[in-house]
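Novice: The following block contains the structure, expressed as structure tokens.
The values are calculated or read from the model by the stated rules, or taken from the named source; none is laboratory data. Values in this document were obtained by computation on a predicted structure and should not be read as measured data. Backbone-built Cβ (ideal geometry, glycine too); neighbour counts: all protein chains shown.
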Amino acid sequence: MTTNVKTDLFGLFAPEIAELIKPLGLQSYRGKQIAEWLYKHNIRQFASMTNIAKDQRASLDNSFTITQVSLKAEQHSVDGKTSKFLLSFSDDMAVETVLMRHTYGNSVCVSTQVGCAMGCTFCASTLNGLVRNLTGGEILAQILYITEVLQQQEQKVDSIVLMGSGEPLANFDNVLRFIRLIHEDYCLNLSYRNITLSTCGLVSEIDKLTGEKLPITLSISLHAPNNSLRSSLMPVNKRYPLEQVLAASDRYAAATGRRVTYEYTLIAGINDQPSHAKELITLLRGRLANINLIPINPVPERGLLRPSVNDIIQFEQLLQRGRLNVTVRREMGTDISAACGQLRHKVCRNDG
Ligand code: SF4
């Protein structure tokens, strides 16, 4: 007996959908109509696609499926500015998606993998290693879930950061599909400039991204100003040392004209000393760069602590005096374990 595995249309571009539905006798313009139902109107069953004939909807349903997403847990910060959602897919794998309500708009942080293989010592996402890549559709489904939440308050998603669980560039094709898809007019029509991709520094994939010539913001997880400290915090640094990461970032900035952001998680007693600030100034001075300091959300499993407020301010001021462009990520959502992987780790102790 053969089992009929249905193709998932969610996450496909309109022309791809048009091609797949051809054998059912649907004209090619139906591809865009279906894409609009899926992405613009967030409709997840063919039966509700009312501008398509009833018998055609039935044959679509017989041949294809649509990614479904369900809410497993949610947390909201006391100040109401940050909400975290644990969303699961058809295989019950769950990822975290975070909504941050800034004064300048709503930003959503999406996950790109279930778990992560990169092994950064300060990160809860990697505690059980990589479980699997997310498809482009599954990354998009996170945004559309939040879009629906915001629509109830007559708001929308204004910007996206690929900074949740997973290393986006280790899931290159799916991530790129997501970025291109969300930019389409039949999807959210989101400007590339409102998308930030954060990587731990996979040099060959950064170059690949540079070749795509998309004006998205590249964000490098730096976290240390020298190779020995960075290698101890981020194993990827042994493969791609700092000099190579910075050179690839410079190539990205030169090709796109976009300022690169360097993320620096401040960890008490590890990388938050004045000597580290001085090294950082030497490393980044003269580069088209922004530095984003992120006081760590403590990871109890790793015994890592947040620096004191005084140490954070001192570090920031030293960088400013060194004429670096620096911002401190203010305390968003610390009461709801907003660091990537923490909610999933709490709820899904046994998966992955
Ligand atoms: S910080 Fe990012 S790259 Fe590093 S382990 Fe966590 S999710 Fe992976």
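Novice: With respect to residue 228, determine if the residue is surrounded by fewer than 21 Cβ atoms within 10 Å (Cβ to Cβ), outside the structural domain of residue 14 (by TED's automatic domain parsing) and under 30 Å from residue 273 (Cα atoms).
Specialist: Yes: the conditions hold for residue 228.
Novice: Related question: Filter the stretch 112-136 down to the residues that are part of a loop (DSSP other than H, G, I, E, B) and among the small types (Gly, Ala, Ser), then identify the one that is farthest from the ligand (Cβ to nearest atom).
Specialist: Top of the filtered list is 129.
Novice: Still on this model: How about the stretch 95-111: which of its residues are within 16 Å of the ligand (Cβ to nearest atom) and either part of a strand (DSSP E or B) or of a type in the set (A, V, I, L, M, F, W, C) (or both)?
Specialist: 95, 96, 97, 98, 109, 110, listed by residue number.
Novice: Can we say residue 92 is free of Cβ contacts under 8 Å to residues at least 40 places away in the same chain and outside any strand (DSSP E or B)?
Specialist: no
Novice: If I filter the stretch 262-292 down to residues being of a type in the set (D, E, K, R) and in a loop (DSSP other than H, G, I, E, B), which single residue comes out as modelled with the highest pLDDT?
Specialist: My answer is 272.
Novice: Could you list, in sequence order, the residues of the stretch 117-146 that are modelled with pLDDT under 90 and of a type in the set (Val, Ile, Thr)?
Specialist: Hits for the stretch 117-146 are 121, 126.
Novice: If you scan the stretch 157-189, which residues turn out to be touching a strand residue (DSSP E or B) at 6+ places or on another chain (Cβ under 7 Å) and part of a loop (DSSP other than H, G, I, E, B)?
Specialist: 157, 158, 163, 164, 165, 166, 167
Novice: Identify the single condition in (1) modelled with pLDDT of 95 or more; (2) in a loop (DSSP other than H, G, I, E, B); (3) more than 20 Å from the chain's Cα centre (by Cα) that residue 62 does not satisfy, given that it satisfies every other one.
Specialist: (2)
Novice: Among the residues of the stretch 183-212, write down those that are under 20 Å from residue 159 (Cα atoms), among the hydrophobic types (A, V, I, L, M, F, W, C) and without any contact (Cβ under 8 Å) to a residue 60 or more places away in the chain.
Specialist: 190, 195, 197, 209 - these are the residues of the stretch 183-212 that are under 20 Å from residue 159 (Cα atoms), among the hydrophobic types (A, V, I, L, M, F, W, C) and without any contact (Cβ under 8 Å) to a residue 60 or more places away in the chain.
Novice: Additional query: Can you tell me which of 198, 191, 219 is closer than 26 Å to residue 81 by Cβ, polar (S, T, N, Q) and buried (at least 22 other Cβ atoms within 10 Å of the Cβ)?
Specialist: Exactly one residue qualifies, and that residue is 198.
Novice: To continue, here is another question. Select the helices (runs of 4 or more DSSP H) contained entirely in the stretch 197-261, then report the ones holding at least 2 residues which are among the basic types (Lys, Arg) and within 13 Å of the ligand (Cβ to nearest atom).
Specialist: Those helices (runs of 4 or more DSSP H) do not exist here; none qualify.
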